[in-house]
Amino acid sequence: MRFRAATAGSLVLGAGMIGMASFSPAMVQLGYGRGLWAASLPAVAWAGTGVVTSLLVRRIPHPLEGPRPVALFLVVVAAGQLLTWGLDAGSPLWRVVLPFVLAGLGTGVLNSLLGREAVAAVPPDRAAMGSGANNTARYLGAACGITLFVTVATHTGADLYAGWNHAALVAAALTLLGAAAIALSPRGA
């Protein structure tokens, strides 16, 4: 069960969040008319918070393990995604950056948790397989998530803001559905 939760969590995180983070520079540059530095702020806020959080997770006295923490921190990521909903031409840039910080907190915990769970849940002589499956799931999710987010953002709504809002809801829904599937999965399965 731990292996499946880790693999599913990696797939969901890739599909739900990496697509959003990858499109955010285009949204800031094209939607807000900002330059390269401002356009990189949401992705840097997300990645930077994720790195710092993943380094701090090891300070938790009891290790996080099993499907429940995976599902819980996917909900944290989804909360960050949902907070980007409702953008329009008058929204300040912090309305994009701060939700990415929240999503980065969840992503940071998940980055440290998912890889460890994938390796710890298999026999020691299969650790490379566990790690490989985890990375494959994340990259597959990212490839699908980027494609889905860009397609929804650029082909729905009257303008880029409306497209972003639709895509943000789709990304958050994917993340929440993944969290629910992991949390509700039978223990013996």
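The values are calculated or read from the model by the stated rules, or taken from the named source; none is laboratory data. As the structure is a prediction and not an experimental result, all values here were calculated from the model. Cβ sites come from the backbone with ideal geometry, for glycine too, and all protein chains shown count toward neighbours. For the accessible areas, the whole protein counts, side chains as well, though only heavy atoms, and no ligand, DNA or RNA atoms are used. Shrake-Rupley method; radii C 1.70, N 1.55, O 1.52, S 1.80 Å.
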task = Could you work out the Rg to Rh ratio of the stretch 1-97, with Rh taken as the Kirkwood radius (inverse of the mean 1/r over all Cα pairs)?
result = 1.04
message = Given Cβ point charges of +1 (Lys, Arg) and -1 (Asp, Glu) and nothing else, what value in debye, to the nearest 20, does the dipole of the stretch 1-106 about its Cα centre take?
response = 280 debye
query = Relative contact order, percent, of the stretch 67-189 when contacts are C-alpha pairs under 8 Å separated by at least 6 residues?
reply = 38 percent
request  = Working from the alpha-carbon coordinates of the stretch 88-189, get Rg over Rh, Rh being the Kirkwood radius.
outcome  = 1.07
With every protein chain in place, the chain: carbon and sulfur % of accessible area (1.4 Å) = 72 percent
ask   = Given the alpha-carbon gyration tensor of the chain, what are the semi-axes of its equivalent ellipsoid in whole angstrom, ordered largest first, with each equal to the square root of 5 times an eigenvalue?
value = 30, 17, 14
key: Directionally averaged shadow of the stretch 53-128, computed from the convex hull of its alpha-carbon atoms, nm²   = 6.3 nm²
message = Rounded to the nearest 20 debye, what is the charge dipole size of the chain about its Cα centre when +1 sits on each Lys and Arg Cβ and -1 on each Asp and Glu Cβ?
response = 460 debye
note = Heavy-atom accessible area per residue of the stretch 1-160, all protein chains kept, 1.4 Å probe, expressed in Å², is 48 Å²
query = Calculated from DSSP H runs of 4 or more alone, at -39500 (n - 2.57) each and per residue, what is the 222 nm mean residue ellipticity of the chain, nearest 500?
reply = -25500 deg cm²/dmol
key: Packing rank of 107-113, 57-63, where each peptide gets the mean count of other beta carbons within 10 Å, highest leading   = 107-113, 57-63
Label-zone membership for the stretch 94-118, site Trp37, 7 angstrom Cα→C-beta point, backbone N under 19 Å = 94-98
